[in-house]
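The values are calculated or read from the model by the stated rules, or taken from the named source; none is laboratory data. Not measured: the values here are computed from a predicted model. Every residue, glycine among them, receives a Cβ derived from its backbone with ideal geometry; neighbour counts consider all protein chains shown. Note: areas computed on protein heavy atoms with side chains; ligands, DNA, RNA excluded. Shrake-Rupley method; radii C 1.70, N 1.55, O 1.52, S 1.80 Å.
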Amino acid sequence: MNTNSQPPFRLMSASLKLCKWLGLWHDANLDKPCWQTVFLILCLLFWYILPGYMYIVRGEKMLQDLLKPILEVFSMSVIVLRCLIHMINRQSVQECFADLQNAISKFKNSPYEDVQKILRHLLKSADYIVKFYVSIVFVQAGLYGFLSAALTTFKYCTSNEIIQLPSAVMDADYVLFGHTVNYWIWLPVTIVSLIIEYLMLGSISAQECLFWNLLHHISSLFKIVHLEIARLDQYKDPKQFKERLAFIVSIHEVCFRSARCMEKVLSPLLALWYCACIAQTCYLLFFISMVNDVVVVASMIFVLQYVVFLIFSFSMLGAELMEESARVSVAIYKTQWYNRMAAERRLLLFMKMRADRPVGITAVKFFYVNRSTFAEAMKSAFSFFTIMQQFYGDK
């Protein structure tokens with residue numbers, strides 16, 4: 001907790017507001033799930049996943065008819081797992097945020113322009129990411145559900161012929177009633193489906209923006225540590241040098257503690273996202289090569305670019321975290337550590353040994369997430385797609 005008399009540095013205000021609205025953040029009852037998250041999980045299970053599964057298993061359908069619902073049920077299941085993992089780790093995420101805010105607030109009145117430039121960048125980028133990304137996701141989401149619903153309603157109002165009603169947002173069989181039989185049943189089902197869709201997109205977008213911002217703030221704090229170490233030689237007075245070094249070591253410890261926390265939270269999510277991205281990219285390319293419906297293909301392209309961008313963004317942030325943490329070691333090496341007292345040299349040496357260890361985010365400890373792993377994931381997806389296409393062509 002920050003004990004300074006001044007207010008703490010304003011950290012990710014837009015991201016926190018969005019997360020609070022959607023139940024991903026709460027200042028009290030950290031060990032209890034928020035009702036919004038539980039409500040969303042139940043909606044996805046009973047309005048999307050189970051009806052989607054029933055659509056797949058009930059009746060005889062061609063392979064082309066099952067490609068889209070199989071992908072949708074898989075995607076919804078991944079989102080439910082994401083919500084559950086976030087709900088379990090919410091306390092750790094909020095504690096990481098508190099640590100970061102306390103550490104960054106100590107540089108709020110820094111006299112150095114390079115530090116102030118980083119702080120101004122954090123203020124602008126955190127809010128910009130949320131507003132821009134959520135807006136883009138919501139607009140593109142219209143291609144998946146809203147566009148199809150609007151076209152169907154237009155045809156129903158302007159045509160004298162009986163039109164074929166599509167499934168609401170995703171292919172589903174509600175068993176108790178057939179929502180594609182009558183327009184006045186189809187319409188409320190579609191409206192409810194669209195509401196749940198946008199609630200789901202808002203929730204996962206808020207989660208992604210929160211994690212992106214936390215990772216970027218940790219990398220920026222490592223960068224500030226690097227800049228502060230580079231200025232250590234300015235302190236000629238041994239007492240001032242010792243005090244400043246102790247301060248930098250404490251901030252460096254916050255960096256490592258925050259990175260470990262994010263590693264713990266993101267490790268299962270990244271493994272899930274990487275596996276899902278490879279499977280979905282391969283599957284979507286195969287699906288697009290099989291189907292000629294323009295609206296359906298457009299909705300699938302939306303899903304494809306989303307899953308690819310998701311792991312690309314975390315790969316870039318993972319690479320940034322590794323690079324900024326490694327620069328701390330270089331900064332220590334470039335100081336005049338050899339002119340300091342033995343105790344101070346020892347402290348600098350321990351700090352350098354810690355900085356020499358890789359700091360990043362992994363997928364359940366199998367590999368560090370960075371640009372090269374993203375490239376490998378894309379290569380694997382295209383290789384599997386080629387095999388699937390050849391196999392289907394032979395059949």
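Could you list, ordered by first residue, the pairs with Cβ atoms under 8 Å in which the first is in region 168-184 and within 18 Å of residue 67 (Cβ to Cβ) and the second is part of a loop (DSSP other than H, G, I, E, B) and open to solvent by 70 Å² or more (accessible area, probe 1.4 Å), at least 6 apart or interchain?
173/58
Mind telling me which of the residues 382, 350, 367 ends up being of a type outside the set (Lys, Arg), in contact with a helix residue (DSSP H, G or I) (Cβ under 6 Å, 6 or more places away or on another chain) and either closer than 23 Å to residue 289 by Cα or free of Cβ contacts under 8 Å to residues at least 24 places away in the same chain (or both)?
It is 367.
Residue 188: within 33 Å of the chain's Cα centre (by Cα), without any contact (Cβ under 8 Å) to a residue 24 or more places away in the chain and outside any helix (DSSP H, G or I), yes or no?
no
If I go through region 301-332 residue by residue, how many of them are β-branched (Val, Ile, Thr) and farther than 22 Å from residue 222 by Cα?
Total meeting the criteria: 5.
Tally up the residues in region 8-22 that are at pLDDT 85 or above and part of a loop (DSSP other than H, G, I, E, B), please.
Selection size over region 8-22: 1.
Quick check: is even one residue across region 68-88 in a helix (DSSP H, G or I), open to solvent by less than 70 Å² (accessible area, probe 1.4 Å), at pLDDT 85 or above and over 30 Å from residue 28 (Cα atoms)?
Yes, region 68-88 contains a residue that is in a helix (DSSP H, G or I), open to solvent by less than 70 Å² (accessible area, probe 1.4 Å), at pLDDT 85 or above and over 30 Å from residue 28 (Cα atoms).
Being open to solvent by 10 Å² or more (accessible area, probe 1.4 Å) and either polar (S, T, N, Q) or more than 18 Å from residue 94 (Cβ to Cβ) (or both) is the filter here; which residues of region 201-215 pass it?
201
List pairs: first residue in region 253-282 and on the phi < 0 side of the Ramachandran plot and free of Cβ contacts under 8 Å to residues at least 12 places away in the same chain, second residue open to solvent by less than 20 Å² (accessible area, probe 1.4 Å) and small (Gly, Ala, Ser) anywhere in the structure, Cβ distance under 7 angstrom, at least six positions apart or on different chains.
That search, which allows pairs on different chains as well, returns nothing.
Go through 219, 289 for me and flag whichever is touching a residue at least 60 places away in the same chain (Cβ under 8 Å), open to solvent by 10 Å² or more (accessible area, probe 1.4 Å) and either in a helix (DSSP H, G or I) or of a type outside the set (A, V, I, L, M) (or both).
289
Tell me which residues, restricted to region 32-67, are open to solvent by less than 20 Å² (accessible area, probe 1.4 Å) and either part of a loop (DSSP other than H, G, I, E, B) or under 22 Å from residue 267 (Cα atoms) (or both).
Passing the criteria: 34, 37, 41.
For region 74-117, which positions are under 30 Å from residue 45 (Cβ atoms) and of a type in the set (Gly, Ala, Ser)?
75, 77, 92
Which residue pairs have Cβ atoms closer than 9 Å, lie 6 or more positions apart in sequence or on different chains, and pair a first residue in region 110-121 that is of a type in the set (Ser, Thr, Tyr) with a second residue that is assigned to a loop (DSSP other than H, G, I, E, B)?
Matching pairs, first to second residue: 112/231.
Have a look at 277, 255, 261 and point out the one that is part of a helix (DSSP H, G or I) and touching a Phe, Trp or Tyr at 6+ places or on another chain (Cβ under 6 Å).
Within the list 277, 255, 261, the selection yields 255.
Name every residue in region 103-113 that is surrounded by 15 or more Cβ atoms within 10 Å (Cβ to Cβ) and more than 23 Å from residue 206 (Cβ to Cβ), in order of residue number.
103, 105, 106, 107, 108, 110, listed by residue number.
Looking only at region 339-362, which residues are part of a loop (DSSP other than H, G, I, E, B), modelled with pLDDT under 85 and not charged (D, E, K, R)?
Once the filter is applied, which keeps residues that are part of a loop (DSSP other than H, G, I, E, B), modelled with pLDDT under 85 and not charged (D, E, K, R), region 339-362 yields 341, 358.
Which ones in region 114-169 are of a type in the set (Asp, Glu) and open to solvent by 60 Å² or more (accessible area, probe 1.4 Å)?
Once the filter is applied, which keeps residues that are of a type in the set (Asp, Glu) and open to solvent by 60 Å² or more (accessible area, probe 1.4 Å), region 114-169 yields only 161.
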